[in-house]
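A.B. asks: I am attaching a structure below and will ask some questions about it afterwards.
The values are calculated or read from the model by the stated rules, or taken from the named source; none is laboratory data. Given the structure is predicted, the values throughout are model-derived calculations rather than measurements. Note that each Cβ is placed from the backbone with ideal geometry, even for glycine, and that neighbours are counted across all protein chains shown. All accessible areas refer to the heavy atoms of the entire protein, side chains included, with ligands and DNA or RNA removed. Shrake-Rupley method; radii C 1.70, N 1.55, O 1.52, S 1.80 Å.
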Amino acid sequence: MVDIAHQTTTRRPIQSRKLSVSFRLRQRMVIRPSSRKGTNEASACRSRAMVDLPARSTTTTTTTKEGSRPRRQPTKKKKRRKKRIDSRRQQQQHTVLKNPNELETWRVYGIDVDPDTLGVPSLSLSLSSTTKKTKGDDILPTELLYLTPPVLSALVSRLRIKSEPATITPLQRDGSSSSSISSSNDVDEVEDDTTVLPLLPPQLKDARVVRRSLDARRRKGAPPKYTYVIDITLTKESAQQIRLAHQPGRTERMTTTKKKNKPPKISSGNEINEELESEESTSKSKSNSKPKILIVGAGPAGLFCALSLASSGLFTPILLERGQAVEARGKSIGALINRRDIDPNSNFSFGEGGAGTWSDGKLTTRIGRNSGPVRYVLETLVKYGAPERILVEGAPHLGTDNLVRLLRNMRQDLRAMGGEIHFGARVDKFHIEDGTIKGVDAICTPSKERSRTKKYGEERKESSTTSQEEEEEEETTKTFWGDAVVLATGHSARDVYYELHKSGVELEAKGFAVGFRIEHPQSLINEIQYGKDWGGRVFTRKSSTDTVNKEHFAKNGDSVSHTGTLPVASYRLATNEAWDGTENRGAYSFCQCPGGQIVPSSTEHGELCINGMSFSKRDSIWANSAMVVTVSPDDPILEKYRLTHGTLAGLEFQRDMERKAYDLGGGGMRAPVQRLTDFVNGKVSESESVPSSSYRLGVTSAACHDIYPQPLYNALVHAITHNFDKQMPGFLCDQALLHGVETRTSSPVRVLRDSTTLQASGVDNMFPSGEGAGFAGGIVSAAVDGLLVANAIKTKYVAHDDSPLFNDVDKVSVGFDY
């Protein structure tokens with residue numbers, strides 16, 4: 001007898017459930033007829049039988065050609081979405097614009113261009129010295145020179161603009177469109193004031209390159225490419241026709257901004273001489289009534305602060321620079337390189353322009369390229385002689401040769417506006433009474449400077465002008481009194497920190513970084529960054545350097561042929577996971593100089609510190625960069641220095657490491673070196689195996705791994721082996737040469753200042769500024785901080801701030817820390 005209750009509760013076997021599910025799925029399937037030959041009639045009948053089976057699907061199929069997949073009808077959800085999109089497009093097309101012919105500016109990001117399409121001329125665009133002059137000796141704006149036909153073609157493709165070549169209009173020299181039409185694209189000039197560069201489609205009224213950068217990350221084997229950011233001007237009607245939409249990071253509508261501050265006007269040489277002669281008597285009386293602002297240090301912070309104050313016409317800036325003018329400073333550097341004779345006050349670190357004058361001249365900053373102050377600094381540099389390409393390039397740099405020229409122009413214009421400059425004036429005492437600074441004492445030495453007026457006057461003149469202290473034959477101490485003091489010394493002015501500490505000015509220890517400088521052959525860096533197929537297309541226009549690069553890639557076999565050219569490769573490495581045996585530290589590359597050389601940046605006898613520099617063309621066969629590890633203010637390795645020096649422990653640590661490096665090198669400013677592979681393994685390199693070096697004062701194979709405390713060595717080795725060599729395969733090699741030591745990446749001390757008034761804490765009328773005071777890190781950020789301090793001085797004495805330059809910039813953002 002069968003148990004009915006047990007029978008009803010018993011589930012079907014798993015196999016039977018699978019079969020039933022499979023059967024239901026087959027019912028819903030639509031079998032595609034087989035297209036293979038020899039299909040028998042029975043299989044065709046089975047296919048037709050299964051197609052006729054009832055299905056539960058809500059969608060239906062349409063009949064298609066035999067052998068193709070049946071097309072499914074769209075669902076209700078897709079139909080509703082398509083209907084909404086169509087209705088929205090119809091509304092946009094039929095929307096009546098209030099001012100259809102009103103012009104508006106849009107910024108288009110991420111326009112990628114293959115270097116092969118640019119060809120060889122792409123190299124000339126990156127060099128200001130090779131810009132082509134048109135009639136009247138007018139140089140075309142850089143933003144137009146970069147807008148070549150391949151770039152314009154990529155822009156038109158990105159905007160999906162379709163236009164006939166015959167309707168395209170040429171751009172004039174000033175960037176506006178011309179009514180004259182050129183029938184040939186290879187015509188250089190149409191009229192006297194019209195230059196055919198790019199040919200714009202009728203929808204665009206103007207187009208200018210805002211930024212150009214090289215993307216060599218080679219993601220998934222992708223070749224290097226140039227990426228452009230372009231501003232286009234068009235009517236509202238045209239913007240609607242090509243369906244421009246505001247999408248941050250892709251296409252953005254530019255809002256109207258307030259009238260921006262223009263860089264100070266540069267006078268001509270004749271105007272300067274006429275003003276000095278005609279107003280010599282009245283200028284003294286006027287200058288006496290103006291507040292005198294003493295500015296200690298003629299680096300970027302001090303120079304831009306002085307220019308801002310002088311251009312306002314309300315102040316008399318007095319620059320006190322311990323070093324010499326760039327002409328005399330060059331002679332001091334020549335004596336150091338050729339005779340190993342170091343001048344403690346005029347060298348690679350001290351002098352007009354600061355330490356950045358003899359460096360790579362990088363103009364990158366963390367503040368932001370599009371911020372008002374940064375743009376103002378770049379435009380001011382261009383006004384004084386810097387190449388216009390720095391306004392467009394994504395990673396601009398000046399080079400030592402360009403910096404020397406524009407510093408002369410700044411000096412001459414500052415004096416024409418009523419400012420004073422005293423070279424050879426080393427400040428060694430601060431007069432502080434009742435919490436207010438009144439003046440400073442400076443030890444003044446004779447100084448000479450050469451004045452060149454070719455840029456400003458009609459005739460070339462070279463003469464020696466005597467400074468305020470030249471008539472003195474020996475060192476003299478002179479007191480300068482002023483209404484305020486701007487402290488804009490560099491991070492190498494250690495004696496100033498000791499004097500500030502002695503005078504009771506509040507200081508605090510801050511983080512810094514120390515390490516070494518590593519040098520590779522530039523051809524090897526080209527191969528690592530660009531690959532074997534593109535590394536051979538690097539050209540510097542220096543025959544010896546280009547020959548070395550070609551020979552390097554010839555050893556590796558024939559590479560893929562390319563017609564485009566690339567600049568010398570650079571790199572940037574960083575990690576926060578450099579294990580020192582106890583904890584993780586930060587490690588990173590610093591001041592990377594492609595096509596550069598290593599130079600001594602010491603300021604005292606018996607100490608050795610090195611730095612990197614390069615000229616504007618970057619045409620050396622070497623590439624160098626500092627590899628440093630972070631040191632925090634409360635770091636255990638500084639404990640013994642804190643016991644005796646307190647807040648200034650970081651300074652003493654730096655000096656101690658520099659003395660060790662000097663002794664390891666054998667004296668005479670020789671640098672201790674070690675192959676990078678030997679440094680990682682902790683052994684001294686054999687002298688015969690040491691690669692060539694760009695350091696001109698000589699190198700000595702030594703145990704560089706014994707210079708720093710063990711935790712810093714461990715962290716640097718871990719970063720190189722576990723991070724940097726993985727980010728750049730081939731970075732750790734026998735050709736890499738490590739030089740000691742790099743200690744002056746930033747100041748280890750910060751002068752405390754009020755966040756609102758920017759005055760030093762506890763000292764009225766003292767304004768710390770720039771990299772030495774601990775509020776900047778680089779040329780641009782130091783210049784911005786100098787402008788910020790000048791703005792604070794104007795607010796204090798004029799009782800109102802009429803400059804909108806810093807309205808959208810947080811004062812704290814100018815600061816820089818590790």
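A.B. asks: Taking the stretch 137-171 only, how many residues are of a type in the set (Asp, Glu) and modelled with pLDDT of 55 or more?
C.D. replies: Of the residues in the stretch 137-171, 1 are of a type in the set (Asp, Glu) and modelled with pLDDT of 55 or more.
A.B. asks: Further, regarding this structure: For the stretch 319-331, what are the residues that are without any contact (Cβ under 8 Å) to a residue 40 or more places away in the chain and crowded, with 21+ Cβ neighbours inside 10 Å?
C.D. replies: Arg329
A.B. asks: What pairs come out if I take residues in the stretch 719-741 that are among the hydroxyl-bearing types (Ser, Thr, Tyr) and pair them with residues that are open to solvent by 10 Å² or more (accessible area, probe 1.4 Å) whose C-beta lies under 9 Å away, six or more apart or interchain?
C.D. replies: Partner pairs satisfying both residue conditions: Thr721/Val680; Thr721/Leu732.
A.B. asks: Kindly indicate which of Leu378, Leu406 is open to solvent by less than 20 Å² (accessible area, probe 1.4 Å), without any contact (Cβ under 8 Å) to a residue 60 or more places away in the chain, on the phi < 0 side of the Ramachandran plot and under 31 Å from the mean Cα position of the chain (by Cα).
C.D. replies: One residue alone meets the criteria, Leu406.
A.B. asks: Within the stretch 493-513, how many residues turn out to be open to solvent by less than 30 Å² (accessible area, probe 1.4 Å) and part of a loop (DSSP other than H, G, I, E, B)?
C.D. replies: The qualifying residues number 4.
A.B. asks: Check every one of the helices (runs of 4 or more DSSP H) wholly within the stretch 590-700 and list those with 3 or more residues that are of a type outside the set (Ser, Thr, Tyr) and open to solvent by less than 10 Å² (accessible area, probe 1.4 Å).
C.D. replies: 649-665, 676-681
A.B. asks: Another one. State all residues of the stretch 714-763 that are closer than 21 Å to Gly612 by Cα, charged (D, E, K, R) and open to solvent by 10 Å² or more (accessible area, probe 1.4 Å); if no residue qualifies, say none.
C.D. replies: Asp734, Arg744
A.B. asks: Right, here's the next one. Looking at (1) modelled with pLDDT of 95 or more; (2) open to solvent by 30 Å² or more (accessible area, probe 1.4 Å), which one does Cys704 not meet, given that it meets all the others?
C.D. replies: Of the numbered conditions (1) modelled with pLDDT of 95 or more; (2) open to solvent by 30 Å² or more (accessible area, probe 1.4 Å), the odd one out for Cys704 is (2).
A.B. asks: Say whether the condition of being open to solvent by 40 Å² or more (accessible area, probe 1.4 Å), touching a residue at least 12 places away in the same chain (Cβ under 8 Å) and of a type in the set (Phe, Trp, Tyr) is met by at least one residue in the stretch 514-534.
C.D. replies: Looking for residues that are open to solvent by 40 Å² or more (accessible area, probe 1.4 Å), touching a residue at least 12 places away in the same chain (Cβ under 8 Å) and of a type in the set (Phe, Trp, Tyr), one finds none in the stretch 514-534, hence no.
A.B. asks: In the stretch 302-349, how many are assigned to a strand (DSSP E or B) and polar (S, T, N, Q)?
C.D. replies: 2
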